[in-house]
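The values are calculated or read from the model by the stated rules, or taken from the named source; none is laboratory data. In this text the structure is predicted, and so the values were computed from the model without any measurement. Every residue, glycine among them, receives a Cβ derived from its backbone with ideal geometry; neighbour counts consider all protein chains shown. When the accessible area is computed, the model is the full protein with side chains, heavy atoms only, and any ligands, DNA or RNA have been set aside. Shrake-Rupley method; radii C 1.70, N 1.55, O 1.52, S 1.80 Å.
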Amino acid sequence: MATPPMLTAALPGDRPLRGIGFMLAAGLLFVLLDTGVKLLGQDYSPIQVVWARYAGHMLVLGGYLVWLGLPRCRELMRTESLLGQVLRGLLLFAASTFAYLALRDLPLLQVYVVNFSAPLLVTLLAIPLLKERVNLARWMAVLVGFVGVIIAVGPIDWRAQPAALLPFGMALCFALYQLATRRFGRHDHPLTSLFYAGLAGALVSSAVVPLFWTPIALGDMPLFLMVGLLGAVSQLALIMAMRCAPASLVSPFLYTQIVWASLFGYMVFGDVPLLQVYLGAVLIIGAGIFLATRRR
């Protein structure tokens, strides 16, 4: 799962159409990934599924780095802030864990709509953490976005449905991950950021997964492999989109996830979303696009 990013500017020589194409692909790939995660979550611990996602991430990326050769690998491993990159990776791991726990019990679309509130949290958290200033227009956008969250989620008995809180933990971790990227990863190569984010998640999940391990049925092996592969490819598509075009241009196209989440939620799991979910999503997405374009 990904949230529309407001992290980095494109390199000189923008290629907007290619950037939009990568972002559209990323939106579809993330929903395919989370559909596989939700299917596996019915029979396996979310921690085991998280481990598969990061193990596949590192296998795919590691193979590519080996193909590049040792000198290039050494160059890509250099970072201006190793601790910052590790922090980014841990925040992404935490967000993934919250997401996979939520997907086990909640509809795809509900999880995605709440996750769309991450840019709103980025705007708020950037005030104390990055000392950024927020004008009245952006404050109003944040307010409208959170009204959309309330409408989309609807009245919930939190004590009877504690799983409904999980997407909010995921959105908070995604927001902190974006801020950490803005603070620590803006000058590193995209593959450097991709490597350290995957490495942190792979190490932590490998350390704890024996406590949650369930033997994998032979018929489920292709789905585990798909989750691992999509975990790497979806993140790479997102990064490439940001490298080809400005964030303010490409980030709104990631909201196409709502279309795919609706489609796969209905076709695979039989989820029929309420009208209020779409109404809330319109307000959240509108606020997110406004914040992205105003930042530009």
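What the table shows:
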{"read-out": "Matching residues, the stretch 243-276, being open to solvent by 20 Å² or more (accessible area, probe 1.4 Å), touching a residue at least 60 places away in the same chain (Cβ under 8 Å) and of a type in the set (A, V, I, L, M)", "value": "LEU249, ILE258, VAL268, LEU274"}
{"read-out": "Top-ranked residue of the stretch 77-133 - restricted to ones that are outside any loop (DSSP other than H, G, I, E, B) and of a type in the set (S, T, N, Q), ranked as most open to solvent (accessible area, probe 1.4 Å)", "value": "GLN110"}
{"read-out": "Matching residues in the stretch 133-152 - criterion: being β-branched (Val, Ile, Thr), in contact with a helix residue (DSSP H, G or I) (Cβ under 7 Å, 6 or more places away or on another chain) and under 16 Å from VAL114 (Cβ atoms)", "value": "VAL142, VAL144, VAL147, VAL149, ILE151"}
{"read-out": "Every residue from the stretch 34-76 that is open to solvent by 70 Å² or more (accessible area, probe 1.4 Å), part of a helix (DSSP H, G or I) and of a type in the set (S, T, N, Q)", "value": "none"}
{"read-out": "Some residue of the stretch 182-201 being of a type in the set (Gly, Ala, Ser), surrounded by 13 or more Cβ atoms within 10 Å (Cβ to Cβ) and within 30 Å of PRO273 (Cα to Cα)", "value": "no"}
{"read-out": "Test result for THR214, of a type in the set (Ser, Thr, Tyr), surrounded by fewer than 19 Cβ atoms within 10 Å (Cβ to Cβ) and at pLDDT below 90", "value": "no"}
{"read-out": "Among the candidates PRO222, PRO273, residue that is outside any helix (DSSP H, G or I) and not hydrophobic (A, V, I, L, M, F, W, C)", "value": "PRO273"}
{"read-out": "So LEU83, is it over 15 Å from the mean Cα position of the chain (by Cα), at pLDDT 90 or above and farther than 19 Å from LEU238 by Cα", "value": "yes"}
{"read-out": "Matching option when the condition is more than 21 Å from the chain's Cα centre (by Cα) and among the β-branched types (Val, Ile, Thr), among VAL282, VAL233, VAL259, VAL208", "value": "VAL208"}
{"read-out": "Which listed residue is more than 17 Å from the chain's Cα centre (by Cα) and modelled with pLDDT under 90, from VAL122, VAL142, VAL134", "value": "VAL134"}
{"read-out": "Scope the stretch 164-192; condition part of a helix (DSSP H, G or I) and at pLDDT below 85; matching residues", "value": "GLN178, THR181, ARG182, ARG183, PHE184, GLY185, PRO190, LEU191"}
{"read-out": "Filter pass, ILE151 being of a type in the set (Val, Ile, Thr) and surrounded by fewer than 16 Cβ atoms within 10 Å (Cβ to Cβ)", "value": "no"}
